[in-house]
Amino acid sequence: MSAIGVIGGTGVYDPSIFENIHEESLMTPYGEIDYVQGTYNDKTVIFVARHGKDHTIPPHKINYRANIWGLKKLGVRFIISTTAVGSLNETFKPGHFVLTDQFLDFTKNRITTFYEGGDRPVAHLDVTNPYCPELRTIIESVGKQQDLHIHNGGTYVCTEGPRFETPAEIKMFHMLGGDTVGMTNVPEVNLANEAEIAYTTISMITNYAAGISESSLTHAEVVDMMSEMASQLKLLILGTIDAIDINADYDAHHRMAEYGGFKL
Ligand code: HPA
């Protein structure tokens, strides 16, 4: 059975937007995951709250491998993830949606791959297009039909967190071409690609990044903006699920062909 995965980031914990939902857990080689299975217009949806349903797991402690392995095992072929981000780009304003197309990886202490030798031989993932271009086009057109401020393309800087950034770091990221900053998209995007799942992330701009914003940053500010955007996000996700052809076959589904494909 093929399914669509939704990974909810900060402020996105409520799977009740789907129908016929039930909570489940699954043991993976990397640890257990909790998920909610449901449907939307007859498509199977698997929902995982990245930070746990009560927001208790910080970015550097998320079990990214268990989440992605579990989604693969459950038949997920497409992942729509959500991320709250700060903006480094003056045209990306709080309240806007960005379909990230590139990342800069500034994480430090995370396990980044399923391929560690042994059963899974050394493999070098191609990340020319880490965020599925076909999925981004679908989401962009759904977002435009819904009159959202939505940008297709932008470079996401992933920091280790859990602290926010210094203004000096933000200045550097801006000089390097970063548009948004968050703490969770890497290694999630890379693991999804290794698992040959078409992956995309809807970034929600919750604030201007440190030093661009005149005031200091608070988590409450991020959560408040997320709740303002929640109803728009819900419709965007549901519209996207409707628009996805569950049998579509994209490059992302063959990412590891050179290595004989991804095996569970
Ligand atoms: N920095 C890092 N992560 C974030 C931010 C930010 O400014 N806003 C929301 N998530």
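The values are calculated or read from the model by the stated rules, or taken from the named source; none is laboratory data. Computed from a predicted model, the values in this text were never measured in an experiment. Positions of Cβ are backbone-derived with ideal geometry, glycine not excepted, and every protein chain shown enters the neighbour counts. What goes into the accessible areas is simple: the full protein's heavy atoms, side chains included, and nothing from ligands, DNA or RNA. Shrake-Rupley method; radii C 1.70, N 1.55, O 1.52, S 1.80 Å.
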Inset, instruction - Looking only at segment 102-121, decide whether some residue is in a loop (DSSP other than H, G, I, E, B), in contact with a Phe, Trp or Tyr (Cβ under 6 Å, 6 or more places away or on another chain) and away from the ligand (no atom under 16 Å from the Cβ). - result: no
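Can you find a residue in segment 198-205 that is more than 16 Å from the ligand (Cβ to nearest atom) and free of Cβ contacts under 8 Å to residues at least 12 places away in the same chain? Spell out how you get there, then give the answer.
Kept after step one, since they are more than 16 Å from the ligand (Cβ to nearest atom), are these residues of segment 198-205: 198-200.
Now restrict to residues that are free of Cβ contacts under 8 Å to residues at least 12 places away in the same chain: none.
So far as segment 198-205 goes, no, none of its residues is more than 16 Å from the ligand (Cβ to nearest atom) and free of Cβ contacts under 8 Å to residues at least 12 places away in the same chain.
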Inset, instruction - Tally the residues that are within 18 Å of Leu238 (Cα to Cα), outside any strand (DSSP E or B), open to solvent by 20 Å² or more (accessible area, probe 1.4 Å) and in contact (Cβ under 8 Å) with a residue 24 or more places away in the chain, restricting the search to segment 16-47. - result: 2
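Among Ala192, Ala168, which is of a type in the set (Gly, Ala, Ser) and under 12 Å from the mean Cα position of the chain (by Cα)? Walk me through how you get there before you give the answer.
Working: Ala168 fails: under 12 Å from the mean Cα position of the chain (by Cα).
When all the criteria are applied, what remains is Ala192.
Take segment 180-197 and flag every residue that is within 12 Å of the ligand (Cβ to nearest atom) and either in a helix (DSSP H, G or I) or surrounded by fewer than 22 Cβ atoms within 10 Å (Cβ to Cβ) (or both). Steps first, answer last, please.
Filtering segment 180-197 for residues within 12 Å of the ligand (Cβ to nearest atom) gives 180-185.
The answer is Asn185, and nothing else.
Restricted to segment 151-168, and to residues that are at negative phi and open to solvent by less than 30 Å² (accessible area, probe 1.4 Å), which residue is farthest from the ligand (Cβ to nearest atom)? Step through it out loud before you land on a result.
Of all residues in segment 151-168, those at negative phi come to 151-152, 155-160, 162-168.
Okay, now just the ones that are also open to solvent by less than 30 Å² (accessible area, probe 1.4 Å), so 155-160, 165.
On the way: Thr155: 14, Tyr156: 10, Val157: 8, Cys158: 9, Thr159: 6, Glu160: 10, Glu165: 6 Å.
Here the residue is Thr155.
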Legend entry - Single residue of segment 73-93 satisfying the filter (crowded, with 23+ Cβ neighbours inside 10 Å and more than 23 Å from Leu238 (Cβ to Cβ)) that is nearest to the ligand (Cβ to nearest atom): Gly86
Inset, instruction - Quick one: Gly239 ticks every box in (1) within 16 Å of the ligand (Cβ to nearest atom); (2) touching a residue at least 40 places away in the same chain (Cβ under 8 Å); (3) part of a helix (DSSP H, G or I) except a single one, so which number is it? - result: (1)
Inset, instruction - Look through segment 206-232, keep the residues that are part of a helix (DSSP H, G or I) and within 9 Å of the ligand (Cβ to nearest atom), and return whichever of them is surrounded by the fewest Cβ atoms within 10 Å (Cβ to Cβ). - result: His219
Legend entry - Count of residues meeting criterion [assigned to a loop (DSSP other than H, G, I, E, B) and either under 12 Å from the mean Cα position of the chain (by Cα) or farther than 19 Å from Gly52 by Cα (or both)] in segment 1-15: 5
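In this structure, does Thr240 turn out to be surrounded by 16 or more Cβ atoms within 10 Å (Cβ to Cβ) and out of contact with any Pro (no Cβ under 9 Å at 6 or more places or on another chain)?
Numbers: surrounded by 16 or more Cβ atoms within 10 Å (Cβ to Cβ): yes; out of contact with any Pro (no Cβ under 9 Å at 6 or more places or on another chain): yes.
Judged against the criteria, Thr240 is a match.
Does Lys171 satisfy being open to solvent by 30 Å² or more (accessible area, probe 1.4 Å), within 16 Å of the ligand (Cβ to nearest atom) and part of a loop (DSSP other than H, G, I, E, B)? Give the steps one after another, and end with the answer.
Working: open to solvent by 30 Å² or more (accessible area, probe 1.4 Å): yes; within 16 Å of the ligand (Cβ to nearest atom): yes; part of a loop (DSSP other than H, G, I, E, B): no.
Criteria not met by Lys171.
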